[in-house]
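Have a look at the structure below, then the notes.
Bear in mind these aren't lab numbers, they're just calculated from the coordinates by the rules spelled out. Please read these numbers as outputs of a predicted model, since none were measured by experiment. Don't worry about glycine lacking a Cβ; one is built from the backbone with ideal geometry, like all the others, and counts go over all protein chains shown.
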Amino acid sequence: MTTQANTGQGPTRRETLGLGGGLALSLTSLGGSLSNPFVKSVFAGEANLNYGAWEDIYRKEWVWDKVTWGVHTNQCLPANCLFRVYSKNGIVWREEQAANTEAVSPDYPDFNPLGCQKGCSFHHVLTSQERLRYPLKRVGERGEGKWQRITWDQALTEVADAILDAHESHGPQSFVIDAPHLHAGSVSFCGTLRTGNLLGATTTDINVALSDEFKGITHTFGTCRQGFTADNFFDAELLIFSHTNMAYTAPPMYHFVTEARYNGTEIAILSPDFSPSCVSADVHIPIKTSSDTAFWMSICQVLVEENLIKPEFIAEQTDLPLLIRTDNGRFLRASDLGEGREDQLYFNDQATGKIVQAPRASLAISGKPALEGRWPVTLADGAEVNVEPGFARLQRLLKADYTPEKAAIPCNIAPGLIREMARKIAVKRTHLHIGWGSCKQHHGDLMERAAMLALALTGNWGKPGTGFTHFFFATEHAEAFVFLEKPIEEGGLQLLLDYEKMAEGASKAKDPEATHTDAVLELQQLLTRGAGLVPPTPWMYHHAGFDQHWDRKEWTDPALDRTFGEYLAEARTKSGEPALAKVSPDIPPNVLLYINHNPLRRQRGGRKLYVEELFPKAKMIFSIELRMSSSAAYSDILLPGAAFYEKDDLTEGFLINPHFGLQQAAVKPPGEAKPEWEIYLALHEKIAERAATRSLTTFSDNTGTERQYADVPNRFAMGGSIRTNQDIVRQFVLFNEATGIFPKGYTFEQLQKEGGLRMAGLGRGIQDAAPGTAYSNDRPFFSFEDQLHKKTPYPTYARRAQFYIDHEWFLEAGEAFPVHKDVPMAGGDYPFRIVGGHPRNSVHTLHAAVPSLMKLHRAQPVAFVNNKVCQDKGVADGGMIRMFNDNGSVEIMASANAAVGPDQILIYMWEPFQFKDWKSPDTLLVGMPKPTHFALEYGQLKYYFMAGTPTPGTDRGLRFDFEKV
Ligand code: SF4
């Protein structure tokens, strides 16, 4: 990386490492922990080490100034691993796992030791070469790497003036906060969204931008915020993993897999490559990339064909008994019969032979819904049509297209193995763990829906050891403080309670039979709109040049006859969704803020389109960052943020590991870097000051309310008192205690003493409502107990787990039921398929350039290619290859590897700056979003924070070719 030489940060090693005092530590004994720059500075005589006696080298090796609590708020999964952090002379030297969790009972494994190789190396990030220490201003071209060190006052003045200019020229919405991530912690995430809310900015939705929404789960169950604790694995008899390489991506959880295996659980891994996780599996199912739907539908075919299904479970929990008209493929509705509301659906009662209304307020059904048959019905207009249960229709589909012999063609899996797996799923308590790779598939929604169908046919949810693990995290404390106006101790929570009441009322007004979950989803929509959050794909389409990719007909699903842009236009008109209306092509992105977002890495195709199309439109790009990422290098102003162990923070509650952890400021941030809450407060104060100087008094926020510039700093600080990271973390603790996420009476002081705790409850929001199970700390957690025992309906259009979606776009696309479709030809038609994910050495790209961790792969970016294919192409192991498609070409080292399928290229995440000309394989990606996901306002199909609308990160299975360089 060349930018560092020109950052103007000068001789900062001594200052950064805080070596002014006499550091009596041994270079040799701590050699493994020392970064190269540190060693260099010592040998250059810049570091003033003071050895009293040679014995100090070992005597004082374990003597510390401070031992604090540390966690990593970078949103790896599972996150929340609690560490002890050891620091001396202002430097964090090492960290080790606290390992202080307890099992729910003697019958289950505990979560210890919680931690991974990245976690044990975070202190390297603090002193890494890419670390930012001072505010910097660009003096060359964007991305050229020429910087000038400036004061905080100058930096904030220039940023504040740019925001005010944007307000004056095109309104507050032309200040855009592009998809801020939680990587830097709850405080920074909350501070960013709070800033967007207060200033009326446009903030693109992080989870949708990341393509981290399990759309097929949402389509089936109404939300994708269910959850399971990892110890639920222990109750499974069959554990299936798909779209994940858990040994790399969730090392602290992996022991639950091996422990379950010792307990007799069978482990099956569905994966195109023989991933490192396969080592401890009983069965590796070597599925061809992107053919999962065919596999799961074939499993369903065997289940139905061999009568291995659970008819009572299907009839009660799913939409499969609901009647579908044979003339148009739509559900039979009360509005068809002139009997009431449009979303009232029907089933045929075998007991009476009559067609009756399916209850909407409960899953409990009096009577016996038929799963097969066909009956005539007279509609309100006198027309006669035939109707049949969805199950009958499904049966025909499975028989026609998904026998194991037919599915074997796209999947490349022996029919016998498909049959064997189906028979096991039918009789074993089966749990499916789906990784985030599923969300990166263009047709990942169909894959998830098909997998859920197999679980439904076999009654595999709502009981210990069953169900599916994917995504659940409680950001409730961070999300609430986007809005709260007063500290909790001053009654701040009341505002949220008022919003809840409002949402409850709105929900009941729409549907008198609405449940608590429906009201919570209503609240999510209200808050999303209030915060100014918008779906990212329309914004990228209009402003970042993605229209040139996404509107290419030959790159789109051939089943669709319209382009992405045409679906978007229709969705705007039909849905009336305000978040779509807010993304206007006429409001340019005058000011762009990047915080913990590295779009040149993360946005598929962003390396090219952001640089060529989006950035030139912005008058000001500023970043709040702890390191010089590839994207930060394109900023105009860089504001240096504090890293882990340099600021107070609190983790999010990921349910797979149901613990929270406290992050404490063990050392000061280097140079003039600051915690983000303080940066935002200083920025708001500067905006108020500059507005007064420029005689600007008011602006409109996201709700259209007129706001005073002079009030912004005070409002940000909740009346003035919440000024530091620690202040807001105290508020988080109060909030979590008040909402039941923490035990009653739990205090910040207690947290400081204990470092972390197991969650006591799921809070008040979506994370409480969506899983449908009462949380308890004396047993593993799994979802949908209420649906099974209390008959609570699912928040879907059909009010049941829904496998048939009769939205007109789904019917047009042939996706009313899940069906196998190949990945569209985005990027062109080439013989190799790309797959990817997280590397062994980094969480996202945070450690991508940390030398000690890079050695876990090959100390440089690498593509894993089948060894036989390499041989055929004359490529040696370690040789360079050129990958290419219609978007261009990039160079990367090849690892000739027998674990990779012959049509695969497996590439993990790397920083663009690690490649020649900063051209990473991400440059070649298209991220083709699925236009039908603009279907909104159909039951569960809607947009709210972290859910709904097309995602731009679908890259798995895209086609490439390669040649030897
Ligand atoms: Fe745990 Fe993630 Fe930290 Fe590793 S990086 S120790 S998995 S929180």
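Compute the long axis of helix 186-199 from its Cα atoms, compare it with the longest principal axis of the Cα atoms of the chain, and write down the angle in degrees, 0 to 90, nearest 10.
Once rounded, one gets 80 degrees.
For segment 881-886, what does the Karplus curve 6.51 cos²θ - 1.76 cosθ + 1.60, with θ = phi - 60°, yield as ³J(HN,Hα) per residue in whole Hz, taken in order and with x for Gly and Pro?
With coefficients 6.51, -1.76 and 1.60, one gets 10, 10, 8, 8, 8, 5 Hz.
Working from Cα positions, state the angle (0 to 90°, nearest 10) between the long axis of helix 415-427 and the longest principal axis of the chain.
90 degrees
Roughly speaking, what is the stretch gain from E312 to A400, that is 0.36 nm per residue apart minus the C-alpha to C-alpha distance, in nm to one decimal?
Difference between extended and current length: 29.2 nm.
Under 30 Å Cα-Cα from K686, which lysines qualify once same-chain neighbours fewer than 8 residues away are excluded?
K137, K146, K486, K582, K617, K619, K647, K668, K674
For segment 840-965, state what percent of all Cα-Cα pairs lands in each successive 10 Å bin, counting from 0 Å until the bin that includes the largest distance.
12, 35, 29, 15, 8, 1
Using the basic label-point model (7 angstrom from Cα toward the beta carbon), what is the D381 to E55 distance in nanometres?
9.9 nm
Pop out the ³J(HN,Hα) list for segment 816-830 in order, Karplus 6.51 cos²θ - 1.76 cosθ + 1.60 with θ = phi - 60°, rounded to Hz; leave Gly and Pro as x.
4, 9, x, 9, 6, 9, 7, 5, x, 7, 4, x, x, 9, 9
Given L925, L762, I741, which one lies farthest toward the positive end of the charge dipole of the chain, if we put +1 on the Cβ of every Lys and Arg and -1 on the Cβ of every Asp and Glu?
So the residue we want is L925.
Need the list of lysines near K368 for cross-linking: C-alpha distance under 22 angstrom, and skip anything on the same chain fewer than eight residues off.
K310, K354, K790, K791
Post the alpha-carbon centroid distance, segment 489-542 to segment 633-709, in whole angstrom.
24 Å
Divide the volume of the convex hull of the Cα atoms of the chain by its number of residues and quote the answer in cubic angstrom per residue. Present the calculation step by step, with values, prior to reporting the outcome.
On the way: hull volume 153.4 nm³, N = 965.
Residue-normalised Cα hull volume stands at 159 Å³.
Placing unit charges on C-beta atoms (Lys and Arg positive, Asp and Glu negative, everything else neutral), compute the dipole magnitude of the chain about its Cα centre in debye, rounded to 20.
My answer is approximately 1620 debye.
If amide H atoms are built 1.01 Å from N in the plane of the peptide, which residues on other chains or at least 5 residues away come under 5 Å of the amide H of N866?
N897, Q904
Taking every pair of alpha-carbon atoms in segment 635-744, give the share separated by more than 15 Å as a whole percent.
Summing the P(r) of segment 635-744 above 15 Å gives 73 percent of all pairs.
Taking amide hydrogens as modeled 1.01 Å from N in the peptide plane, which residues meet the under 5 Å criterion relative to G879, leaving out close sequence neighbours?
Correct list: A894.
Would you kindly give the portion of the calculated P(r) for segment 716-865 that falls above 18 Å, as a percent of all Cα pairs?
Working: 8707 of 11175 pairs.
Tail of the P(r) past 18 Å holds 78 percent of the pairs.
By how many degrees, between 0 and 90 and to the nearest 10, does the Cα long axis of helix 292-305 differ from the longest principal axis of the chain?
So the inclination is approximately 30 degrees.
At 20 °C and 1.002 mPa s, grab the translational diffusion coefficient of segment 324-441 from Stokes-Einstein with a Kirkwood Rh over Cα pairs, rounded to a whole number in µm² per second.
123 µm²/s
For segment 261-337 and segment 130-197, compute the distance between their C-alpha centroids and round to whole Å.
47 Å
How would you order 442-451, 529-538 from highest to lowest mean count of nearby Cβ atoms within 10 Å?
442-451, 529-538
Compute the distance in nm between two label points, each set 7 Å from the Cα along the Cα-to-Cβ direction, one at E339 and one at T703.
Here the answer is 4.2 nm between the modelled labels.
Go through segment 724-729 residue by residue and turn each phi into a ³J(HN,Hα) via Karplus (6.51, -1.76, 1.60, θ = phi - 60°); whole Hz please, and just put x for glycine and proline.
So the J values, rounded to whole Hz, are 10, 4, 5, 4, 6, 5.
At 0.36 nm per residue, minus the direct Cα-Cα distance, what do V965 and T258 gain on full extension? Give it in nm, one decimal, please.
Details: separation 707, 0.36 × 707 = 254.52 nm, distance 4.18 nm.
The V965-T258 span can extend by a further 250.3 nm.
Compute the projected area of the convex hull of the Cα atoms of segment 522-653, averaged over all viewing directions, and report it in nm² to one decimal place.
10.9 nm²
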